[in-house]
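J.: One structure is given below, represented as structure tokens, and several questions about it will come after.
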Amino acid sequence: MVGFTGFASRRRIDPALPPGQYLERGFPVLSAGPTPNIKRWELQIATETGQRSFSWDDFLALPQEDVDTDIHCVTSWSKLGTHWRGVSLDTLFDGLETQHRFALARSYGGYTTNLPLDDLLGGKAWIVHTFEGQPLADDHGGPARLFVPHLYFWKSAKWVQGIQTMPQNTPGFWEGLGYHEHGDPWKEERYS
Ligand SMILES: Nc1nc2c(c(=O)[nH]1)N[C@H]1C(S)=C(S)[C@@H](COP(=O)(O)O)O[C@H]1N2
Ligand SMILES: [Mo]
């Protein structure tokens with residue numbers, strides 16, 4: 001029956017959609033500023049005890065993982081079954097000690113977002129460079145973005161330049177403007 005294949009019924013019955021989300025088949029671009037012009041890409045991972053930096057070649061030489069998962073934007077769209085490839089944050093933090101419980105990701109262009117370290121480690125977050133088998137497009141954060149799919153997509157900083165651990169949960173860009181410090185889509189942690 002035609003009526004049961006419509007948007008509203010799909011939204012009601014699809015158990016993969018968190019509350020208040022609708023299914024998006026395209027891939028909207030949401031950027032708070034212009035796409036930065038990155039001349040020489042370098043990634044820095046820093047704690048209070050040490051720092052690692054990776055050139056593009058260093059980064060690609062690390063163990064790569066394929067991630068098949070859903071993504072959820074706080075503006076209410078979700079995409080199901082997306083495919084990404086990149087490096088786990090566990091790999092990037094390997095060998096760095098920290099007592100800190102929080103982290104701030106910062107991007108080329110100045111965007112920042114904060115999150116508990118627990119949400120970055122333990123196989124939950126990556127820095128990805130490939131989407132659906134293609135190099136990540138510039139407007140989606142290419143050449144590489146943070147990817148934290150279990151949280152709302154604003155935590156997935158595009159054009160990521162570095163991740164720094166912090167003793168306190170200092171707000172990033174959207175968090176400072178009233179968005180939730182954590183952002184779990186299943187708990188609808190949209191605003192603070
Ligand atoms: N550097 C940077 N990263 C960012 C943003 C941004 O404005 N700048 N927007 C965030 C928000 S609010 C969302 S929903 C997603 C959007 O990613 P997309 O444009 O690839 O869909 O990127 C997040 N990462
Ligand atoms: Mo967003």
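J.: Have a look at PHE131, PHE93 and point out the one that is within 10 Å of ligand 1 (Cβ to nearest atom) and at pLDDT 95 or above.
T.: Going through PHE131, PHE93 in turn, just one is within 10 Å of ligand 1 (Cβ to nearest atom) and at pLDDT 95 or above: PHE131.
J.: Let me ask something else. Return the only residue of ASP58, ASP14 being surrounded by 12 or more Cβ atoms within 10 Å (Cβ to Cβ) and either modelled with pLDDT under 95 or of a type in the set (Gly, Ala, Ser) (or both).
T.: ASP14
J.: State the number of residues belonging to the range 85-94 that are part of a strand (DSSP E or B) and open to solvent by 30 Å² or more (accessible area, probe 1.4 Å).
T.: Number satisfying all stated conditions: 1.
J.: Has the range 35-55 got at least one residue that is within 16 Å of ligand 2 (Cβ to nearest atom) and surrounded by 13 or more Cβ atoms within 10 Å (Cβ to Cβ)?
T.: Within the range 35-55, one or more residues are within 16 Å of ligand 2 (Cβ to nearest atom) and surrounded by 13 or more Cβ atoms within 10 Å (Cβ to Cβ).
J.: Okay, next question. If you go through the range 143-177 one residue at a time, how many are out of contact with any Ser or Thr (no Cβ under 6 Å at 6 or more places or on another chain), within 13 Å of ligand 2 (Cβ to nearest atom) and over 22 Å from PRO34 (Cβ atoms)?
T.: Number of matching residues: 2.
J.: Give me the residue from the range 68-84 that is outside any strand (DSSP E or B) and near ligand 1 (Cβ under 10 Å from one of its atoms) and, out of that set, surrounded by the most Cβ atoms within 10 Å (Cβ to Cβ).
T.: Among those that are outside any strand (DSSP E or B) and near ligand 1 (Cβ under 10 Å from one of its atoms), it is VAL74.
The values are calculated or read from the model by the stated rules, or taken from the named source; none is laboratory data. Bear in mind that the values here come from a model prediction, so they are computed numbers and not experimental data. We place every Cβ from the backbone using ideal geometry, glycine too, and count neighbours over all the protein chains shown. Note: areas computed on protein heavy atoms with side chains; ligands, DNA, RNA excluded. Shrake-Rupley method; radii C 1.70, N 1.55, O 1.52, S 1.80 Å.
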